[in-house]
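Have a look at the structure below, then the notes.
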There are 2 protein chains.
Amino acid sequence: MIELNFGKSSDGLIPAIVQDHSTGDVLMLAYINKLAWEKTLETGKAHYWSRSRNKLWLKGESSGNVQMIHDILVDCDDDTVVYKVEQIGDAACHTGHRSCFYRRVIEGNLQVEGTPLFDPSEVYGKK
Amino acid sequence: MIELNFGKSSDGLIPAIVQDHSTGDVLMLAYINKLAWEKTLETGKAHYWSRSRNKLWLKGESSGNVQMIHDILVDCDDDTVVYKVEQIGDAACHTGHRSCFYRRVIEGNLQVEGTPLFDPSEVYGKK
(Lines give C-alpha, C1' and ligand atoms only; values in the text may rest on other atoms or scores of the structure.)
Protein backbone atom coordinates (compact mmCIF):
# COMPACT_ATOMS: atom_id res chain seq x y z
CA MET A 1 0.00 0.00 0.00
CA ILE A 2 1.30 3.45 -0.92
CA GLU A 3 1.64 5.55 2.22
CA LEU A 4 0.35 9.11 1.98
CA ASN A 5 1.12 11.79 4.54
CA PHE A 6 -2.28 12.00 6.24
CA GLY A 7 -0.57 13.19 9.42
CA LYS A 8 0.32 16.53 7.82
CA SER A 9 -3.09 17.99 8.60
CA SER A 10 -4.61 18.07 12.05
CA ASP A 11 -7.77 16.30 10.86
CA GLY A 12 -5.95 13.51 8.96
CA LEU A 13 -7.44 14.61 5.63
CA ILE A 14 -5.64 15.50 2.43
CA PRO A 15 -7.13 16.90 -0.79
CA ALA A 16 -7.91 14.83 -3.87
CA ILE A 17 -8.17 16.80 -7.12
CA VAL A 18 -10.60 15.12 -9.49
CA GLN A 19 -9.89 15.53 -13.17
CA ASP A 20 -11.79 14.26 -16.20
CA HIS A 21 -9.47 11.61 -17.64
CA SER A 22 -10.22 12.55 -21.25
CA THR A 23 -10.61 16.35 -21.27
CA GLY A 24 -8.35 17.26 -18.32
CA ASP A 25 -11.07 19.50 -16.87
CA VAL A 26 -10.98 19.72 -13.09
CA LEU A 27 -14.36 18.40 -11.91
CA MET A 28 -14.13 18.84 -8.14
CA LEU A 29 -11.93 18.68 -5.09
CA ALA A 30 -12.74 16.51 -2.12
CA TYR A 31 -10.86 15.16 0.90
CA ILE A 32 -9.57 11.69 1.66
CA ASN A 33 -8.34 9.91 4.75
CA LYS A 34 -6.60 6.54 4.95
CA LEU A 35 -9.87 4.61 4.79
CA ALA A 36 -11.14 6.49 1.71
CA TRP A 37 -7.75 6.04 0.01
CA GLU A 38 -7.75 2.29 0.66
CA LYS A 39 -11.36 1.90 -0.53
CA THR A 40 -10.55 3.79 -3.73
CA LEU A 41 -7.53 1.59 -4.51
CA GLU A 42 -9.51 -1.55 -3.64
CA THR A 43 -12.64 -0.80 -5.68
CA GLY A 44 -11.49 1.48 -8.53
CA LYS A 45 -14.27 3.89 -7.58
CA ALA A 46 -13.52 7.26 -5.97
CA HIS A 47 -14.20 7.35 -2.22
CA TYR A 48 -13.83 10.44 -0.06
CA TRP A 49 -14.29 11.48 3.54
CA SER A 50 -17.31 13.75 3.87
CA ARG A 51 -16.38 16.63 6.17
CA SER A 52 -20.02 17.67 6.63
CA ARG A 53 -21.35 14.18 7.41
CA ASN A 54 -18.09 12.95 8.96
CA LYS A 55 -18.26 9.59 7.22
CA LEU A 56 -16.88 7.61 4.31
CA TRP A 57 -18.44 8.78 1.07
CA LEU A 58 -18.63 6.74 -2.11
CA LYS A 59 -19.07 9.51 -4.68
CA GLY A 60 -22.33 8.77 -6.48
CA GLU A 61 -23.88 6.71 -3.68
CA SER A 62 -27.01 8.93 -3.86
CA SER A 63 -26.93 10.19 -7.43
CA GLY A 64 -25.49 7.12 -9.15
CA ASN A 65 -22.82 9.42 -10.59
CA VAL A 66 -19.84 7.35 -9.49
CA GLN A 67 -16.32 8.13 -10.62
CA MET A 68 -14.37 5.28 -12.18
CA ILE A 69 -10.64 5.68 -11.52
CA HIS A 70 -8.43 5.68 -14.63
CA ASP A 71 -5.23 7.01 -13.13
CA ILE A 72 -3.90 8.28 -9.82
CA LEU A 73 -1.04 10.77 -9.46
CA VAL A 74 0.68 11.59 -6.15
CA ASP A 75 2.47 14.87 -5.44
CA CYS A 76 6.04 15.49 -4.29
CA ASP A 77 5.05 15.78 -0.62
CA ASP A 78 2.67 12.78 -0.50
CA ASP A 79 -0.07 15.09 0.72
CA THR A 80 -2.23 15.65 -2.37
CA VAL A 81 -3.45 13.28 -5.09
CA VAL A 82 -5.02 13.64 -8.53
CA TYR A 83 -7.75 11.19 -9.47
CA LYS A 84 -8.25 10.99 -13.23
CA VAL A 85 -11.75 9.62 -13.60
CA GLU A 86 -14.54 8.72 -15.91
CA GLN A 87 -17.52 10.61 -14.49
CA ILE A 88 -20.59 8.40 -14.81
CA GLY A 89 -23.74 10.46 -15.47
CA ASP A 90 -21.60 13.33 -16.80
CA ALA A 91 -22.10 15.71 -13.87
CA ALA A 92 -19.79 15.73 -10.83
CA CYS A 93 -21.31 18.70 -9.00
CA HIS A 94 -24.28 18.46 -6.64
CA THR A 95 -25.70 21.53 -8.45
CA GLY A 96 -26.05 19.45 -11.61
CA HIS A 97 -23.17 21.18 -13.37
CA ARG A 98 -20.55 19.00 -14.99
CA SER A 99 -17.80 20.54 -12.86
CA CYS A 100 -17.97 22.22 -9.46
CA PHE A 101 -15.80 24.93 -11.06
CA TYR A 102 -18.56 26.35 -13.25
CA ARG A 103 -17.91 29.99 -12.34
CA ARG A 104 -15.15 32.11 -13.82
CA VAL A 105 -13.71 35.39 -12.53
CA ILE A 106 -14.46 38.06 -15.11
CA GLU A 107 -13.56 41.66 -14.28
CA GLY A 108 -13.94 41.10 -10.56
CA ASN A 109 -17.23 39.20 -10.78
CA LEU A 110 -18.20 35.54 -11.02
CA GLN A 111 -19.76 34.50 -14.30
CA VAL A 112 -21.62 31.19 -14.50
CA GLU A 113 -20.62 29.04 -17.46
CA GLY A 114 -22.73 26.23 -18.91
CA THR A 115 -26.02 24.92 -17.62
CA PRO A 116 -26.82 22.11 -15.16
CA LEU A 117 -27.07 18.65 -16.70
CA PHE A 118 -29.60 17.45 -14.14
CA ASP A 119 -32.08 18.87 -11.65
CA PRO A 120 -30.65 18.33 -8.15
CA SER A 121 -34.12 18.10 -6.59
CA GLU A 122 -34.89 15.11 -8.82
CA VAL A 123 -31.60 13.35 -8.18
CA TYR A 124 -31.21 13.95 -4.44
CA GLY A 125 -34.88 14.35 -3.57
CA LYS A 126 -36.57 17.48 -2.28
CA LYS A 127 -35.63 18.55 1.22
CA MET B 1 -13.90 41.79 -4.43
CA ILE B 2 -15.17 38.21 -4.74
CA GLU B 3 -15.68 36.75 -1.27
CA LEU B 4 -14.41 33.22 -0.76
CA ASN B 5 -15.31 31.07 2.24
CA PHE B 6 -12.01 31.21 4.12
CA GLY B 7 -13.88 30.63 7.37
CA LYS B 8 -14.72 27.05 6.40
CA SER B 9 -11.35 25.78 7.62
CA SER B 10 -10.02 26.37 11.10
CA ASP B 11 -6.79 27.90 9.76
CA GLY B 12 -8.49 30.27 7.27
CA LEU B 13 -6.83 28.55 4.30
CA ILE B 14 -8.49 27.06 1.23
CA PRO B 15 -6.83 25.08 -1.57
CA ALA B 16 -5.87 26.51 -4.96
CA ILE B 17 -5.46 23.96 -7.74
CA VAL B 18 -2.90 25.17 -10.27
CA GLN B 19 -3.42 24.05 -13.82
CA ASP B 20 -1.37 24.73 -16.96
CA HIS B 21 -3.59 27.04 -19.00
CA SER B 22 -2.66 25.43 -22.30
CA THR B 23 -2.29 21.71 -21.57
CA GLY B 24 -4.69 21.36 -18.62
CA ASP B 25 -2.06 19.46 -16.63
CA VAL B 26 -2.36 19.96 -12.89
CA LEU B 27 0.95 21.50 -11.82
CA MET B 28 0.54 21.80 -8.05
CA LEU B 29 -1.82 22.53 -5.20
CA ALA B 30 -1.16 25.25 -2.66
CA TYR B 31 -3.17 27.14 -0.06
CA ILE B 32 -4.48 30.68 -0.04
CA ASN B 33 -5.87 33.02 2.58
CA LYS B 34 -7.59 36.34 2.02
CA LEU B 35 -4.32 38.23 1.67
CA ALA B 36 -2.91 35.80 -0.92
CA TRP B 37 -6.20 35.90 -2.85
CA GLU B 38 -6.21 39.70 -2.94
CA LYS B 39 -2.54 39.88 -3.99
CA THR B 40 -3.20 37.41 -6.81
CA LEU B 41 -6.15 39.40 -8.15
CA GLU B 42 -4.21 42.65 -7.79
CA THR B 43 -0.98 41.54 -9.50
CA GLY B 44 -1.99 38.76 -11.89
CA LYS B 45 0.73 36.57 -10.35
CA ALA B 46 -0.12 33.58 -8.18
CA HIS B 47 0.37 34.21 -4.46
CA TYR B 48 -0.15 31.60 -1.76
CA TRP B 49 0.15 31.27 1.99
CA SER B 50 3.11 29.12 2.91
CA ARG B 51 2.05 26.72 5.66
CA SER B 52 5.66 25.80 6.49
CA ARG B 53 6.95 29.38 6.67
CA ASN B 54 3.64 30.88 7.80
CA LYS B 55 3.93 33.84 5.45
CA LEU B 56 2.70 35.22 2.14
CA TRP B 57 4.43 33.47 -0.74
CA LEU B 58 4.78 34.86 -4.23
CA LYS B 59 5.35 31.65 -6.18
CA GLY B 60 8.71 32.05 -7.93
CA GLU B 61 10.11 34.61 -5.49
CA SER B 62 13.24 32.42 -5.06
CA SER B 63 13.35 30.49 -8.34
CA GLY B 64 12.01 33.17 -10.70
CA ASN B 65 9.40 30.62 -11.79
CA VAL B 66 6.38 32.85 -11.28
CA GLN B 67 2.90 31.84 -12.42
CA MET B 68 1.05 34.33 -14.61
CA ILE B 69 -2.71 34.05 -14.08
CA HIS B 70 -4.75 33.42 -17.24
CA ASP B 71 -8.03 32.39 -15.67
CA ILE B 72 -9.54 31.77 -12.26
CA LEU B 73 -12.42 29.39 -11.56
CA VAL B 74 -14.32 29.21 -8.26
CA ASP B 75 -16.16 26.13 -7.03
CA CYS B 76 -19.79 25.73 -5.96
CA ASP B 77 -18.99 26.15 -2.25
CA ASP B 78 -16.60 29.13 -2.59
CA ASP B 79 -13.95 27.10 -0.81
CA THR B 80 -11.64 25.98 -3.63
CA VAL B 81 -10.25 27.78 -6.67
CA VAL B 82 -8.52 26.78 -9.89
CA TYR B 83 -5.73 29.02 -11.16
CA LYS B 84 -5.02 28.49 -14.84
CA VAL B 85 -1.51 29.79 -15.28
CA GLU B 86 1.41 30.23 -17.58
CA GLN B 87 4.30 28.68 -15.67
CA ILE B 88 7.40 30.79 -16.25
CA GLY B 89 10.57 28.67 -16.33
CA ASP B 90 8.49 25.58 -17.20
CA ALA B 91 8.80 23.82 -13.86
CA ALA B 92 6.36 24.37 -10.99
CA CYS B 93 7.76 21.82 -8.53
CA HIS B 94 10.61 22.51 -6.12
CA THR B 95 12.10 19.16 -7.22
CA GLY B 96 12.63 20.59 -10.71
CA HIS B 97 9.82 18.54 -12.25
CA ARG B 98 7.30 20.37 -14.39
CA SER B 99 4.43 19.25 -12.14
CA CYS B 100 4.42 18.25 -8.48
CA PHE B 101 2.33 15.27 -9.65
CA TYR B 102 5.20 13.46 -11.38
CA ARG B 103 4.48 10.06 -9.81
CA ARG B 104 1.80 7.68 -10.99
CA VAL B 105 0.27 4.71 -9.17
CA ILE B 106 1.13 1.60 -11.15
CA GLU B 107 0.14 -1.77 -9.70
CA GLY B 108 0.35 -0.51 -6.13
CA ASN B 109 3.65 1.32 -6.55
CA LEU B 110 4.66 4.88 -7.43
CA GLN B 111 6.40 5.26 -10.77
CA VAL B 112 8.29 8.49 -11.52
CA GLU B 113 7.46 10.03 -14.87
CA GLY B 114 9.64 12.50 -16.73
CA THR B 115 12.88 14.05 -15.55
CA PRO B 116 13.56 17.29 -13.64
CA LEU B 117 13.92 20.40 -15.81
CA PHE B 118 16.31 22.07 -13.38
CA ASP B 119 18.65 21.18 -10.57
CA PRO B 120 17.05 22.37 -7.30
CA SER B 121 20.43 22.92 -5.65
CA GLU B 122 21.34 25.42 -8.38
CA VAL B 123 18.02 27.25 -8.25
CA TYR B 124 17.44 27.37 -4.51
CA GLY B 125 21.06 27.16 -3.40
CA LYS B 126 22.67 24.34 -1.45
CA LYS B 127 21.60 23.95 2.17
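The values are calculated or read from the model by the stated rules, or taken from the named source; none is laboratory data. Computed from a predicted structure; not experimentally measured. We place every Cβ from the backbone using ideal geometry, glycine too, and count neighbours over all the protein chains shown. Side chains are part of the model used for accessible areas, which takes the heavy atoms of the whole protein and leaves out ligands, DNA and RNA. Shrake-Rupley method; radii C 1.70, N 1.55, O 1.52, S 1.80 Å.
Please go through the range B:52-63 and pick out each residue that is in a loop (DSSP other than H, G, I, E, B) and either surrounded by 15 or more Cβ atoms within 10 Å (Cβ to Cβ) or small (Gly, Ala, Ser) (or both).
Step one: list which residues in the range B:52-63 are in a loop (DSSP other than H, G, I, E, B), which gives B:52-54, B:59-63.
Result: B:52, B:59, B:60, B:62, B:63.
Got at least one residue in the range B:59-75 being more than 14 Å from every other protein chain (Cβ to nearest Cβ) and without any contact (Cβ under 8 Å) to a residue 12 or more places away in the chain?
yes
Which ones in the range A:92-107 are farther than 18 Å from residue A:19 by Cβ, open to solvent by less than 60 Å² (accessible area, probe 1.4 Å) and more than 7 Å from every other protein chain (Cβ to nearest Cβ)?
A:96
Could you please let me know if residue A:2 is open to solvent by less than 60 Å² (accessible area, probe 1.4 Å), in contact (Cβ under 8 Å) with a residue 24 or more places away in the chain, closer than 24 Å to residue B:20 by Cβ and within 11 Å of another protein chain (Cβ to nearest Cβ)?
Details: open to solvent by less than 60 Å² (accessible area, probe 1.4 Å): yes; in contact (Cβ under 8 Å) with a residue 24 or more places away in the chain: yes; closer than 24 Å to residue B:20 by Cβ: no; within 11 Å of another protein chain (Cβ to nearest Cβ): yes.
No; evaluated as a whole, the condition is false for this residue.
Listed residues A:66, A:85; which is closer than 29 Å to residue B:113 by Cβ and crowded, with 22+ Cβ neighbours inside 10 Å?
When all the criteria are applied, what remains is A:85.
If residue B:111 satisfies every condition in (1) surrounded by fewer than 19 Cβ atoms within 10 Å (Cβ to Cβ); (2) at pLDDT 95 or above; (3) under 23 Å from residue B:7 (Cβ atoms) but one, which is the exception?
(3)
Confirm whether residue B:121 is free of Cβ contacts under 8 Å to residues at least 24 places away in the same chain and away from every other protein chain (no Cβ under 13 Å).
For residue B:121, the condition - free of Cβ contacts under 8 Å to residues at least 24 places away in the same chain and away from every other protein chain (no Cβ under 13 Å) - is met.
For residues that are free of Cβ contacts under 8 Å to residues at least 60 places away in the same chain, assigned to a loop (DSSP other than H, G, I, E, B) and not β-branched (Val, Ile, Thr), tally how many sit in the range A:23-45.
Total satisfying the criteria: 3.
Take the conditions of a type outside the set (Gly, Ala, Ser), open to solvent by less than 20 Å² (accessible area, probe 1.4 Å) and facing chain A (nearest Cβ under 10 Å) and apply them to residue B:32. Does it pass?
no
Scanning for something in contact with a Ser or Thr (Cβ under 8 Å, 6 or more places away or on another chain), within 23 Å of residue B:4 (Cβ to Cβ) and surrounded by fewer than 16 Cβ atoms within 10 Å (Cβ to Cβ), does the range A:21-29 turn up at least one residue?
no
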